[in-house]
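The values are calculated or read from the model by the stated rules, or taken from the named source; none is laboratory data. Just so it is clear, the structure is predicted and the values come from calculations on it, not from any experiment. Here the Cβ positions follow ideal geometry from the backbone for every residue, glycine too, while neighbour counts run over all protein chains shown. Just the protein is used for accessible areas: all its heavy atoms, side chains included, with ligands, DNA and RNA removed. Shrake-Rupley method; radii C 1.70, N 1.55, O 1.52, S 1.80 Å.
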Amino acid sequence: MIEGHFIVIEGIDGSGTTTQTRVLAERLSDKGLPVRTTREPSDGPIGVLIRQILTGRVVVPGLHGVHAPSWATMATLFASDRLDHLEAEIIPNLTDGVTVICDRYDYSSVAYQTVSSGGGDDVSTWVRELNRRARRPDLTLVLDVDPKVATSRRNTRSGSPELYEVDEMQVELAKFYAKIDELFPNDTIRHIDANCGVEEVTAAIWSEVMALRGESV
Ligand code: TMP
């Protein structure tokens, strides 16, 4: 059995990773390919806990008031969730010949936990080390978007902002994603201009995925 491709879609909040994950899966499925979408934080037990933290449903009452866990705690939670996600869902599907499209993966950890720490190289090195056993994707698509465009997209969503949905942080995250290739020189990374409409972004993603598959568009 030939393994499926492992494709990851990354970007700041409001860059369109969730929409593009869904649309890409629909297009591959229309071609008759077995495909599965998934996301991180995952829908496994650690991922569910993380989402509760991100949405403020779990707060940690401490001596100095109520606060979210530190960036370092979040980094270890995300890394644990990732390994569990790989073992429980991603690898079994790839082994069965299914193409897996994952909405966020370890670049999110390196970007978000480094930026939220306020730190630099030593933090990103530690976060990469925590994720060293995470299988490398066959292709990572980074959706590059102007943080102002992403903010206006987020503002059209219902619900309260999540933990990292703070405009200043998103500006730093966009800069971080722009140079993510330097931290992962052996990965196959394609940057996609995601400032335009959904169809244009989908078309750019499609040509990269067809190139990965050795097919013409
Ligand atoms: P979502 O909004 O795309 O569902 O992702 C949840 C949030 O979690 C988003 O703000 C990015 C953040 N995140 C991290 O900080 N580190 C990670 O490793 C992952 C996967 C997500």
By residue number, the members of the range 44-58 that are free of Cβ contacts under 8 Å to residues at least 60 places away in the same chain, surrounded by 14 or more Cβ atoms within 10 Å (Cβ to Cβ) and more than 9 Å from the ligand (Cβ to nearest atom) are Gly44, Ile46, Leu49
Selection over the range 131-149 where residues are in contact with a strand residue (DSSP E or B) (Cβ under 8 Å, 6 or more places away or on another chain), farther than 16 Å from Arg82 by Cα and open to solvent by 50 Å² or more (accessible area, probe 1.4 Å) yields a count of 1
Exactly one of Arg133, Arg82, Arg128, Arg154 is in contact (Cβ under 8 Å) with a residue 12 or more places away in the chain, within 15 Å of the ligand (Cβ to nearest atom) and in a loop (DSSP other than H, G, I, E, B), and that one is Arg133
Apart from one, (1) within 14 Å of the ligand (Cβ to nearest atom); (2) in a loop (DSSP other than H, G, I, E, B) all hold for Thr18; the odd one out is (2)
TODO: Check the range 89-105 and report whether any residue there is closer than 22 Å to Phe6 by Cβ, of a type in the set (Gly, Ala, Ser) and within 11 Å of the ligand (Cβ to nearest atom).
DONE: no
Picking from Ser108, Ser160, Ser152, the residue that is buried (at least 19 other Cβ atoms within 10 Å of the Cβ), out of contact with any Pro (no Cβ under 8 Å at 6 or more places or on another chain) and among the small types (Gly, Ala, Ser) would be Ser108
Exercise for review: Determine whether Leu77 is within 13 Å of the ligand (Cβ to nearest atom), modelled with pLDDT of 95 or more and either farther than 25 Å from Arg190 by Cα or open to solvent by less than 50 Å² (accessible area, probe 1.4 Å) (or both).
Suggested key: yes
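Would you say Arg128 is basic (Lys, Arg), more than 14 Å from the chain's Cα centre (by Cα) and open to solvent by 30 Å² or more (accessible area, probe 1.4 Å)? So that I can check it myself, show each step before the final result.
Details: basic (Lys, Arg): yes; more than 14 Å from the chain's Cα centre (by Cα): yes; open to solvent by 30 Å² or more (accessible area, probe 1.4 Å): yes.
The answer is yes for Arg128.
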Notebook entry, point to check: Would you say Leu139 is under 25 Å from Leu28 (Cβ atoms) and at pLDDT 95 or above?
Noted result: yes
Within the range 80-97, residues being in contact with a strand residue (DSSP E or B) (Cβ under 7 Å, 6 or more places away or on another chain) and either open to solvent by 20 Å² or more (accessible area, probe 1.4 Å) or modelled with pLDDT under 95 (or both) number 2
Within the range 170-207, residues β-branched (Val, Ile, Thr) and farther than 19 Å from Thr18 by Cα come out as Val171, Ile180, Thr188
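For (1) farther than 21 Å from Val166 by Cα; (2) modelled with pLDDT under 95; (3) in contact with a Cys (Cβ under 7 Å, 6 or more places away or on another chain); (4) open to solvent by 20 Å² or more (accessible area, probe 1.4 Å), each residue gets a yes or a no:
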position: Val8; (1), (2), (3), (4): yes, no, yes, no
position: Thr17; (1), (2), (3), (4): no, no, no, no
position: Arg39; (1), (2), (3), (4): yes, no, yes, yes
position: Ser42; (1), (2), (3), (4): yes, no, no, no
Taking the range 163-208 and keeping residues more than 12 Å from Leu143 (Cβ to Cβ), free of Cβ contacts under 8 Å to residues at least 40 places away in the same chain and open to solvent by less than 40 Å² (accessible area, probe 1.4 Å) leaves Gly197
